[in-house]
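To start, the structure under review is shown below, and the notes come after it.
The values are calculated or read from the model by the stated rules, or taken from the named source; none is laboratory data. Being a predicted model, the structure only gives us computed values, none of them experimental. Cβ: placed from backbone, ideal geometry, glycine included. Neighbour counts: every protein chain shown.
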Amino acid sequence: MTQDKRPQARRTGPKQAKNTTSLFNYGVWYLSKFGDTSVHNLSTKMSRKTENSEWVDDAIRRLVELDYLNERRFAEVMVHKGLGSKAWGRARIEMELKKKGVDQGVIKEALAVLADDDPAGRAEEALNKKFRARQIIEMKERARATRFLASRGFDFQSISKAIESHNDFVPSE
């Protein structure tokens, strides 16, 4: 008994949408699988499934009407994620939201949460996780810590305060 070794036909690209309903269903599936996202991001994903922009607009409109897709909620989630587990600064959070295509007005509203924020304290927490119980005294280490925090979106003033606080907290060897 020999098996036939013919190659199977592979689909190239995403399965194409047949109508607005199939795009709407894809949107519901995407949101349930990946969570909140921006209107721009989801419409880009849907555009890969059809060339009919009216279908995409209609599906997005229905998702927004049903509150399955909510850009303000997405922006707030991104801000809280950036403040929490990601330990990002204001600039990094704003950059990530812009990258996702969120409207500037929505970004400003979401970042209003940061009005009472202590960026130096959050920067110090990030340093304490990264550098643990060693002081940051040498220029090479200071530069490394500065690059680390700058890549997370912290401003230079917060970075300087965080490094000084970290060194005050960690006992000298």
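Mind telling me which of the residues Glu76, Glu125, Glu109 ends up being within 21 Å of Ala162 (Cα to Cα), assigned to a helix (DSSP H, G or I), of a type outside the set (Val, Ile, Thr) and without any contact (Cβ under 8 Å) to a residue 40 or more places away in the chain?
On the way: Glu76 fails: within 21 Å of Ala162 (Cα to Cα); Glu109 fails: within 21 Å of Ala162 (Cα to Cα).
Checking each option against the conditions leaves just Glu125.
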Residue ID - nearest to Met78 (Cα to Cα), chosen from residues in region 48-63 that are surrounded by fewer than 16 Cβ atoms within 10 Å (Cβ to Cβ) and either touching a residue at least 12 places away in the same chain (Cβ under 8 Å) or not small (Gly, Ala, Ser) (or both): Arg61
Tell me yes or no: at least one residue of region 139-150 is outside the structural domain of Val77 (by TED's automatic domain parsing), at pLDDT 90 or above and under 30 Å from Thr44 (Cβ atoms). yes
Members of region 161-173 that are at pLDDT 85 or above and surrounded by fewer than 16 Cβ atoms within 10 Å (Cβ to Cβ): Glu164
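Condition check: farther than 29 Å from Glu94 by Cβ and hydroxyl-bearing (Ser, Thr, Tyr). Does Tyr26 satisfy that?
Details: farther than 29 Å from Glu94 by Cβ: yes; hydroxyl-bearing (Ser, Thr, Tyr): yes.
The answer is yes for Tyr26.
Would you mind finding the one in Lys45, Lys98, Lys33, Lys86 that is of a type in the set (Lys, Arg), assigned to a loop (DSSP other than H, G, I, E, B) and surrounded by fewer than 20 Cβ atoms within 10 Å (Cβ to Cβ)?
Working: Lys45 fails: assigned to a loop (DSSP other than H, G, I, E, B); Lys98 fails: assigned to a loop (DSSP other than H, G, I, E, B); Lys33 fails: assigned to a loop (DSSP other than H, G, I, E, B).
Answer to the selection: Lys86.
If I ask for residues that are part of a helix (DSSP H, G or I) and of a type in the set (S, T, N, Q), which ones from region 128-154 would you list?
Narrowing region 128-154 to residues part of a helix (DSSP H, G or I): 128-131, 139-151.
Hits for region 128-154 are Asn128, Thr146, Ser151.
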If the requirement is being in contact (Cβ under 8 Å) with a residue 12 or more places away in the chain and within 24 Å of the chain's Cα centre (by Cα), which of these qualifies: Leu66, Leu42? Leu42
